[in-house]
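Written out below as C-alpha cells is the structure these notes cover.
The values are calculated or read from the model by the stated rules, or taken from the named source; none is laboratory data. Fair warning: this is a prediction, and the values are worked out from it, not measured in the lab. FYI the Cβ positions are ideal-geometry reconstructions off the backbone, even for glycines, and counts take in every protein chain you see. Keep in mind that these areas ignore ligands, DNA and RNA; they rest on the heavy atoms of the full protein, side chains included. Shrake-Rupley method; radii C 1.70, N 1.55, O 1.52, S 1.80 Å.
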Amino acid sequence: MKAKYYPKESFWSVSGKNSDSFVWRGILNARSCVTEGACSVIVTGESIDVWWQPWIPWLEYAECRALMVTIRGRAPYLRSVADLMYRNTRSWNHGFLCFLFGNDLGTKIGGIQIAKNGVEDFIVWKNSNSGQFSVKGAYWAAQVGRFNDTNRLWGWIWKSSIHPRLSMMLWRVCANVLPTTNIFNSAACKCLFCDSGPENPFHLFVECPFALALWLSSPFPVRLNLATAGSIPELLCKLCEGVNGDLRGQMLGCYAIIFETIWNIRNRIVHQGEAVWSIDQARRAITNRFQELITANLKTVQSSITPPLVPDESLKILSKNLVVVDGSYSDGCFGCAAVFMCRDSVNWNFNTAAGLCGSALAAEMEAVSRGAQWAMNVGWDDFTIASNSKILVEAIATKKCPDWQLTSVFYLLLQLLDSCSKCNVVFIRRNVISFVDELAKSARHSKSGSLNCEGEGLPPVNPSFFW
C-alpha cells in the first residue's frame, strides 16, 4: 500500500485521490478512528511524523494537530519527534521543548517516557492498558460522542454490591427503555403526579415536584433543583463521582429504590385509576427498603469473612533472602515500602519512600524496583521479591508490559532484575503483608524521602508463610 499510494509521504498525512481503490479508500476513511485511538510510543523518534502522527498521549488528535500548527512557524524544518531529542543519548532537549511549547507544556512533554530499551518506535491503542487494539475499543472510540462518559456508570451499576433487580431498574431508567407515554411522542400526555410537564423519564424521576420531595427526604438527601444535569446518567455520574466503592453501591441502591417506588406508584395510577398515594407513604417505603438492603449486604459481608491465615504451600521459596514489597497510590502520589528478611537470621530491615507517579501499577513497580536495588546494594545476589500485585508479577514472568504508558519503566525494571544472578518475583496475598501495606500508606501520607531502618523485635511478616 505504501509503495503504491504514499511512497514519499506519511500515512498520517496522505490525501485520497479519485483513482484510489475501494480498499484504500476504506482504510483512509477509518484513519479518523485510528488517529483518535492510537498513540506512538517513542523509542528513537525517527519514524514518528511530528506534525501529523499522534504522539502526545493526553491530547486528542485534533488538539495535537492544532498545537503543532501553532509552533510550525518557529521550527518549520522539523520532520520527526527525534528532532526534539538528543539523538546520541535518546533524551529530550528540554530547552528546545520549552522554546517551542512554552515552559509549562514543554516541561510536561519532556516528561513523556522514552523506551530506550526498545528497538524502534511502535504504535499502541491508548484506550487499552495493554496497548492492544480491539474492535470493542474502536467501537467505543467511534461512539464516544453518543455514550459520553456513561461507560463508567455501567460499571458502577453492574459491578456494585446492590441487588441485581435494582441494577436492572437503574439500567432501564438510564437506557430510557421504560414505557412512559413519551414513547408515543404525544405532548398532550402530562405527568400523572403534577400535570405540569410531559411524562418522560427525566421529568418523572428528576423534575417532578413529587420526585424532588422523595430525593430530598431519602437516606442520601439531594436537592435536585440545584443539580445541573441534562440526563439521568449524567446526574448519577455527578452524584457518585469521587465516592468509594462500598458507599457508591449504597447510593446507587438508594437511587434505584427511589426510581422503583415512583415507577410502581405511577403504574398503580395508570392501571388502577384513583390509586391512593402520598409523599409521606412513599418516603417511608423508600427508607424501609433501604434499611433492608443495608441489612442484607451486612449479612453477606459477615458470611464472607476470610478464614484464619494458613501458609501458602504454592510459594515454595528456595532463596534464603526475602524482600516483601508493597505500593500505595492516590491523587498522583505514591508511597512504597519493603521489608527485608533472611532465613538464617533474626535481623530484619525495612525501607520506605514516597514521590509522584501516575497510577497504582506504577507505585507497585517503584516498590519492586527499590526493593531490588536495596537487596543488591547490601550484596544479595540470590533473593525473592514477594508482591501482592498479581498483574505485575505475571507481567514480569511473561516479560510483557501490562500498561503501555509504563513501557520505559517496566523494561528498566526487567533490566534491573536480570542483572541479578537469581531473582524471583512471586505473588502473595495482601492480608499476609498488611504491615508492609500500612508502611507504604504511611510513607505516601507523610511524603517523606527515602528511609532505611533496622527493625526491632520479631519481623512484622510471618516467615512461616514463605519458608
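Observations on the structure shown:
- Candidate lysines - alpha carbon under 24 Å from LYS136, same-chain residues fewer than 8 apart omitted: LYS126, LYS159, LYS400
- Charge context of CYS336, other residues only, Cβ under 14 angstrom, K/R +1, D/E -1: -1
- GluC sites (Glu not before Pro) within segment 374-467, DSSP loop, no more than 11 other Cβ atoms inside 10 Å: GLU456
- Using the Cβ-Cβ distance between ARG343 and ALA175 with R0 set to 41 Å, the FRET efficiency works out to roughly 0.10.
- A 1.4 Å probe run over the protein chains yields, for the chain, 53 Å² of accessible area per residue, whole-number rounding.
- At 1.567 mPa s and 4 °C, Stokes diffusion of segment 102-141 via Kirkwood alpha-carbon radius, µm² per second: 103
- Per residue of the chain, the DSSP helices (runs of n ≥ 4 H) give a summed -39500 (n - 2.57) that works out to -13000 deg cm²/dmol at 222 nm.
- Gained length - ASN462 relative to ARG74, 0.36 nm times residue gap less alpha-carbon distance: 133.5 nm
- Compared with the alpha-carbon gap, the fully stretched path from LEU67 to GLN113 is longer by 14.6 nm at 0.36 nm per residue.
- Calculated FRET value between ARG90 and VAL378, using beta carbons and R₀ = 30 Å, to 0.05: 0.40
- Compared with the alpha-carbon gap, the fully stretched path from ALA285 to LEU226 is longer by 18.7 nm at 0.36 nm per residue.
- Positive contributions from Lys and Arg (+1) and negative ones from Asp and Glu (-1), summed over other residues with Cβ under 15 Å from the Cβ of ALA354, come out at -2.
- Accessible-area composition of segment 2-55, carbon plus sulfur, in percent [1.4 Å probe]: 58
- Calculated log₁₀ intensity ratio I(q)/I(0) where the Debye formula runs over C-alpha points of segment 323-467, q = 0.10, 0.15 Å⁻¹: -0.30, -0.69
- Rolling a 1.4 Å probe over the protein heavy atoms of segment 404-457, with every protein chain left in place, gives an accessible area that is 50 percent carbon and sulfur.
- Straight Cα distances below 21 angstrom link LYS441 to the lysines LYS390, with same-chain residues fewer than 8 positions distant left out.
- GluC sites (Glu not before Pro) restricted to segment 162-247 and DSSP loop, no more than 13 other C-beta within 10 Å: GLU241
- Straight-distance crosslink candidates among lysines, where the alpha carbon sits under 26 Å from LYS4 and sequence neighbours closer than 8 are dropped: LYS17
- The chain, Cα convex hull volume normalised per residue, Å³: 228
- For PHE220, residues with placed amide H under 5 Å, excluding near neighbours: none
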